[in-house]
Amino acid sequence: MTKKTYQMETIACPSCVAKIEGMLKKTTGVDKSEVLFNSARVKVEFDENTITTEDIQNRIEKLGYKVLSVK
Ligand SMILES: [Cu+2]
């Protein structure tokens, strides 16, 4: 399992949290995810053989949230 933290610009409201979490739950290869509203971070544990760091970033950005950095 790989663990990455995606730093977002902002997460505007709790429904954004639900939207991002819902998407990650449905994403094949993602094992665990946590969206931290206050720090605007998304923590993801995933199987790198199934999905890449960039794929996850693209999926988050497709929902309309800019990812500033990943670590
Ligand atoms: Cu929102």
message: I'd like to know if region 12-26 contains one or more residues that are at pLDDT 95 or above and part of a loop (DSSP other than H, G, I, E, B).
response: yes
query: Restricting region 1-49 to residues that are within 12 Å of the ligand (Cβ to nearest atom) and of a type in the set (Ser, Thr, Tyr), which is surrounded by the fewest Cβ atoms within 10 Å (Cβ to Cβ)?
result: 15
- prompt: Hey, does region 49-61 have a residue that's at positive phi and at pLDDT 95 or above?
  reply: no
message: So, in region 37-64, how many residues would count as being within 10 Å of the chain's Cα centre (by Cα), in contact (Cβ under 8 Å) with a residue 24 or more places away in the chain and closer than 15 Å to residue 16 by Cβ?
response: 4
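The values are calculated or read from the model by the stated rules, or taken from the named source; none is laboratory data. The structure presented is a predicted model; accordingly, all values stated were derived computationally and were not measured. Cβ sites come from the backbone with ideal geometry, for glycine too, and all protein chains shown count toward neighbours.
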